[in-house]
Amino acid sequence: MNTWIKLGLSLTLSAYTVFTFAGPTIGTTYSITEKDALSEIEDRAASVNWEDALSSERGSWSASKTVSIPFTQEKRIRTVIPWYTLSRSIPNPKGGILYPAGYKFNPLDHIKLPQRIIAFHSSQAEAIAPLLRPTDFLLGTGDVFESMEKLGRQVYVLSPHTADRLQIKAVPSLVSQTGNKLKIIEQPIGEEK
């Protein structure tokens with residue numbers, strides 16, 4: 001009987017040791033050999049010569065590519081309806097179709113434009129500065145970085161898609177909402193290149 005007790009105790013202690021220190025692992029395990037994602041990002045960032053990267057000509061950066069729009073030659077006021085056509089269907093919560101692809105509507109029937117939009121070339125920045133309101137949304141062509149330095153505020157790149165969507169055909173242009181239409185005022189101003 002003593003032998004059986006000793007054997008039972010030794011098996012219990014063996015099992016306890018295996019499960020406590022090694023854990024109940026089933027199957028083959030492997031150590032992780034990949035680097036931590038954050039340390040990999042930090043290593044890549046450390047390997048870049050940031051002085052050279054940031055001193056390259058800003059105009060060559062893909063984020064600064066603006067649309068080429070002619071300068072306004074004469075004052076012109078026009079109104080446009082910014083029709084939008086859905087490229088895909090919008091489902092309803094029950095799995096049906098709320099609006100089918102190809103549905104055409106005017107967003108200004110449903111929303112109010114919160115501010116004026118001013119589109120201009122960087123050479124016009126100083127000339128338009130006195131006309132700006134703090135709430136105006138600025139879209140630039142030319143060197144938008146130069147415009148930001150001159151105006152001391154954010155200027156966004158006027159992309160071809162945005163110019164087409166707002167139907168901006170010349171700069172400077174002031175875009176505002178009148179009822180359910182966009183009112184666009186094209187007005188010559190300042191020194192233009």
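Results, tabulated for the structure shown:
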quantity	calculated
Elements of type helices (runs of 4 or more DSSP H) contained in region 102-193, each with 2 or more residues being under 28 Å from Ser87 (Cα atoms)	160-166
All positions within region 110-128 that are open to solvent by 60 Å² or more (accessible area, probe 1.4 Å), closer than 16 Å to Lys183 by Cβ and in contact (Cβ under 8 Å) with a residue 40 or more places away in the chain	Lys112
Selected residue (criterion: most open to solvent (accessible area, probe 1.4 Å)) from residues of region 139-188 that are under 22 Å from the mean Cα position of the chain (by Cα) and among the hydroxyl-bearing types (Ser, Thr, Tyr)	Tyr156
Candidates Leu131, Leu98 - the one that is at pLDDT below 95, open to solvent by 20 Å² or more (accessible area, probe 1.4 Å), touching a Leu at 6+ places or on another chain (Cβ under 9 Å) and of a type in the set (A, V, I, L, M)	Leu131
Residues (open to solvent by 100 Å² or more (accessible area, probe 1.4 Å) and either over 25 Å from Gln177 (Cβ atoms) or under 25 Å from the mean Cα position of the chain (by Cα) (or both)) located in region 70-95	Gln73, Trp83, Ser87, Arg88, Pro93, Lys94
Unmet requirement for Leu98, which otherwise passes all of (1) in a strand (DSSP E or B); (2) within 18 Å of Val175 (Cβ to Cβ)	(2)
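The values are calculated or read from the model by the stated rules, or taken from the named source; none is laboratory data. The structure presented is a predicted model; accordingly, all values stated were derived computationally and were not measured. Cβ atoms come from the backbone with ideal geometry, glycine included; neighbour counts cover every protein chain shown. Keep in mind that these areas ignore ligands, DNA and RNA; they rest on the heavy atoms of the full protein, side chains included. Shrake-Rupley method; radii C 1.70, N 1.55, O 1.52, S 1.80 Å.
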